[in-house]
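Heads up, the thing below is written out as structure tokens.
The values are calculated or read from the model by the stated rules, or taken from the named source; none is laboratory data. Remember, it's a predicted structure, so these values are computed and weren't measured experimentally. Cβ placement follows ideal geometry from the backbone for every residue including glycine, while neighbour counts extend to all protein chains displayed.
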Amino acid sequence: MRKRLSVLFIALLFAGAGIVPAGAAEVVSRETIVESLWQPISGGPAIDLAVEFRIGSAKLTKRARTQLDELGYALSDGPLRGAEIGIYGHTDASGGARNNKRLSQKRAEAVRDYLVKTFSLDPALFDTFGYGEEQLKNTRRPNAAENRRVEVVNLSPPKAQDDGAADGGSEAITE
């Protein structure tokens, strides 16, 4: 399993057939994404972003692109600029395990490719992996839409805060 340097993640939900599930949130703003992905490593809050794919497809819907635009802006500027990001695909349990693994990988790659192309982000900053149905979010309902998601993880260590001392805070004593 891949070592994750950040305990904070975003679960990006896929809605089947381009239909937003009941209770789906509005597009999450880039400010909220930055706040959620750049908390001090302390188990900060997770955030669900609606990233829609048709069932059995890795093609992004218009609504998915709108949400990914907010993520892209967050990754392009401010504290997340240049951060290494993990994009991990997940599916529900419908379909065969081998197909689901392949589909989840394609979805993760579709998210990465969109961010790289649209925001001119360095593809080397992204790690993609498809888990298929191995890590269901809702184990009681294996075919639930909430299981079809992409997890986005900040893999970069937190940037040191600038306290004004270039030498780490020590001050030389001179006489």
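Does the stretch 146-155 contain at least one residue that is closer than 23 Å to Val28 by Cα, β-branched (Val, Ile, Thr) and in contact with a His (Cβ under 9 Å, 6 or more places away or on another chain)?
yes
For the structure I just gave you, tell me whether Ala93 is in a loop (DSSP other than H, G, I, E, B) and modelled with pLDDT of 80 or more.
So Ala93 fits the description; yes.
Tell me the residue from Leu115, Leu75, Leu121 that is at pLDDT 85 or above, within 26 Å of Ser29 (Cβ to Cβ), outside any helix (DSSP H, G or I) and not basic (Lys, Arg), please.
Leu121
Among the residues of the stretch 78-92, what is the count of those that are without any contact (Cβ under 8 Å) to a residue 60 or more places away in the chain and either within 13 Å of the chain's Cα centre (by Cα) or crowded, with 17+ Cβ neighbours inside 10 Å (or both)?
Qualifying residue count, the stretch 78-92: 2.
Can you name every residue in the stretch 46-105 that is farther than 13 Å from Arg148 by Cβ, of a type in the set (Val, Ile, Thr) and touching a helix residue (DSSP H, G or I) at 6+ places or on another chain (Cβ under 7 Å)?
Ile47, Ile85, Ile87
Under 7 Å between Cβ atoms, which residue pairs at least 6 apart in sequence (or on different chains) link something in the stretch 119-141 that is more than 23 Å from Leu71 (Cα to Cα) and touching a residue at least 60 places away in the same chain (Cβ under 8 Å) with a partner that is part of a loop (DSSP other than H, G, I, E, B) and of a type in the set (Lys, Arg)?
Sorted first by the residue in the stretch 119-141, then by its partner, the list stays empty.
Report whether or not Asn147 is modelled with pLDDT of 90 or more, within 24 Å of Gln67 (Cα to Cα) and surrounded by 12 or more Cβ atoms within 10 Å (Cβ to Cβ).
no
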